[in-house]
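Accompanying notes for the structure given below.
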Amino acid sequence: MTPLPSDSLSFEKALADLERILRTFTADAIVNDARREFVGPDEIRRWVAHEIVGDRVSMEVTEVVSRGAESVVRARYDGTYDKTGLPRYAQSVSTTGSTLSHDIGSTAYHTTAAIITSSRFEDVVEWYKAQLPSGWNVQVVGNVGALAQQVSIGNILSTLTAATQNKDATPSNALPSKASAGAPPGNALSVAMFSPPANSLGDPSIMIQQSNHTVEITMSRNGSDQ
């Protein structure tokens, strides 16, 4: 691979140091990031502080292409983009991830964090109930698949047809009796939705869902870099 240009190498090695990063830019530098432009030292300083150092970005260079006096550096980026400020479940966690997206021409952003755990669905829900401040509400659906089947158009039509023809008839696609219905609890899709008090800053939310013996926690919030 073509060696990194000196300024790009300095940038890569200084990702956690605001002042060292800023020294890699000229006074008339322009940064284009996700179709947003940052012009001049002040705007670039704010961008670096919030979106490079603040998000603890790391960069793994994958390719360097020379085009005359210019160089194109391609890299694989990673970082910590969880700005939700919400409690992070930490027991039996196998995978975590986070995203941060900005509106074009705006300091507004949307941040999402995901956590996958092998803990029991009920235990995760109870943990969040204990961790969140008062005023948060939770709605839990224990078996989404069974609920969807129960309220399906076909089942409703069959029920209405049976009612008009024979009050004692059982619809052909009605739900089985409780004794025989449903998949094993570990395979059922269960969902819990946590919502904050009205007018909460940033519209934070938490969704917990279980499927195939794993539990996924998704947290999100809107915010601004100002």
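The values are calculated or read from the model by the stated rules, or taken from the named source; none is laboratory data. Model, not experiment: these values are computed from the prediction. Cβ atoms come from the backbone with ideal geometry, glycine included; neighbour counts cover every protein chain shown.
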Counting only residues that are in a strand (DSSP E or B) and of a type outside the set (Ser, Thr, Tyr), which one in the stretch 52-66 is farthest from Tyr128 (Cα to Cα)?
Val65
Taking the criterion of being closer than 30 Å to Ser224 by Cβ, modelled with pLDDT of 60 or more and among the β-branched types (Val, Ile, Thr), would at least one residue in the stretch 140-147 satisfy it?
no
Could you tell me which residue of the stretch 75-121 is nearest to Phe11 (Cα to Cα), considering only residues that are among the basic types (Lys, Arg) and surrounded by 13 or more Cβ atoms within 10 Å (Cβ to Cβ)?
Lys83
Please count how many residues of the stretch 203-226 are surrounded by fewer than 18 Cβ atoms within 10 Å (Cβ to Cβ) and outside any strand (DSSP E or B).
5
State the number of residues belonging to the stretch 193-203 that are over 15 Å from Lys129 (Cα atoms) and not acidic (Asp, Glu).
5
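Would you check if Tyr128 is aromatic (Phe, Trp, Tyr) and at pLDDT 90 or above? Steps first, answer last, please.
Values: aromatic (Phe, Trp, Tyr): yes; at pLDDT 90 or above: yes.
For Tyr128, the condition - aromatic (Phe, Trp, Tyr) and at pLDDT 90 or above - is met.
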Take the stretch 22-66 and flag every residue that is of a type in the set (Lys, Arg) and modelled with pLDDT of 85 or more.
Arg23, Arg45, Arg46
Odd one out for Ser94, checked against (1) more than 22 Å from Phe194 (Cβ to Cβ); (2) under 18 Å from the mean Cα position of the chain (by Cα); (3) among the polar types (S, T, N, Q)
(1)
Has the stretch 112-123 got any residue that is out of contact with any strand residue (DSSP E or B) (no Cβ under 8 Å at 6 or more places or on another chain), modelled with pLDDT of 85 or more and either of a type in the set (D, E, K, R) or more than 20 Å from Gln209 (Cβ to Cβ) (or both)?
yes
So which residues in the stretch 67-95 are closer than 24 Å to Ile206 by Cβ, modelled with pLDDT of 85 or more and in a strand (DSSP E or B)?
Val93, Ser94, Thr95
Consider only pairs whose beta carbons are under 8 Å apart and that are at least six residues apart or on different chains; among these, list those whose first residue lies in the stretch 15-37 and is closer than 26 Å to Asp103 by Cβ and whose second residue is surrounded by 13 or more Cβ atoms within 10 Å (Cβ to Cβ) and charged (D, E, K, R).
Leu18/Arg45; Leu22/Arg45; Val31/Glu43; Asp33/Glu51
